[in-house]
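Participant: Below are the structure tokens for one structure; questions will follow.
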Amino acid sequence: MEQKSGYGNNHRIQLDNRRDGIFTGITDVISFDADEIVFESLCGGIVLKGSELHIKNLNLENKEVSIDGNIDSFTYVKSKAGNKEPFLKKIFK
């Protein structure tokens with residue numbers, strides 16, 4: 001089966017030595033600074049924490065983000081089923 005560019009509805013995370021990361025299935029970058037990056041993905045929100053974080057490449061057309069820095073953790077955050085308001089809008093109220 002052929003997989004098309006942009007990964008369709010797939011979402012993947014590849015981390016190398018907790019330093020470099022490629023995230024696919026990313027639909028938006030909500031906020032970012034050197035200590036935290038917040039993404040919206042096909043599988044819900046992602047909060048990435050660390051230090052010296054940088055977005056190396058952002059291609060929302062292909063739903064891909066490349067980052068580097070010291071990655072300490074990442075966490076998925078889901079909105080409640082049936083609620084159409086984005087979860088991040090609630091977080092930043």
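The values are calculated or read from the model by the stated rules, or taken from the named source; none is laboratory data. Every value quoted in this text rests on a predicted model; they were computed, and no experiment measured them. Here the Cβ positions follow ideal geometry from the backbone for every residue, glycine too, while neighbour counts run over all protein chains shown.
Participant: Taking segment 60-83 as the search range and keeping residues that are assigned to a strand (DSSP E or B) and surrounded by 18 or more Cβ atoms within 10 Å (Cβ to Cβ), which one is farthest from the chain's Cα centre (by Cα)?
Facilitator: Gly69
Participant: Among the residues in segment 47-61, are any touching a His at 6+ places or on another chain (Cβ under 9 Å) and not polar (S, T, N, Q)?
Facilitator: no
Participant: What number of residues within segment 29-80 are of a type in the set (Ser, Thr, Tyr) and over 17 Å from Arg18 (Cβ atoms)?
Facilitator: 4
Participant: Still on this structure, please answer the following. Does segment 11-32 include one or more residues that are among the aliphatic types (A, V, I, L, M), in a loop (DSSP other than H, G, I, E, B) and farther than 15 Å from Asp72 by Cβ?
Facilitator: No, there is no match, as no residue in segment 11-32 is among the aliphatic types (A, V, I, L, M), in a loop (DSSP other than H, G, I, E, B) and farther than 15 Å from Asp72 by Cβ.
Participant: Only one of these conditions is not met by Asn57: (1) of a type outside the set (Asp, Glu); (2) surrounded by 15 or more Cβ atoms within 10 Å (Cβ to Cβ); (3) at pLDDT 95 or above. Which number is it?
Facilitator: The single condition Asn57 does not satisfy is (2).
Participant: What about Gly45, is it among the small types (Gly, Ala, Ser), assigned to a strand (DSSP E or B), at pLDDT 95 or above and in contact with a strand residue (DSSP E or B) (Cβ under 6 Å, 6 or more places away or on another chain)?
Facilitator: no
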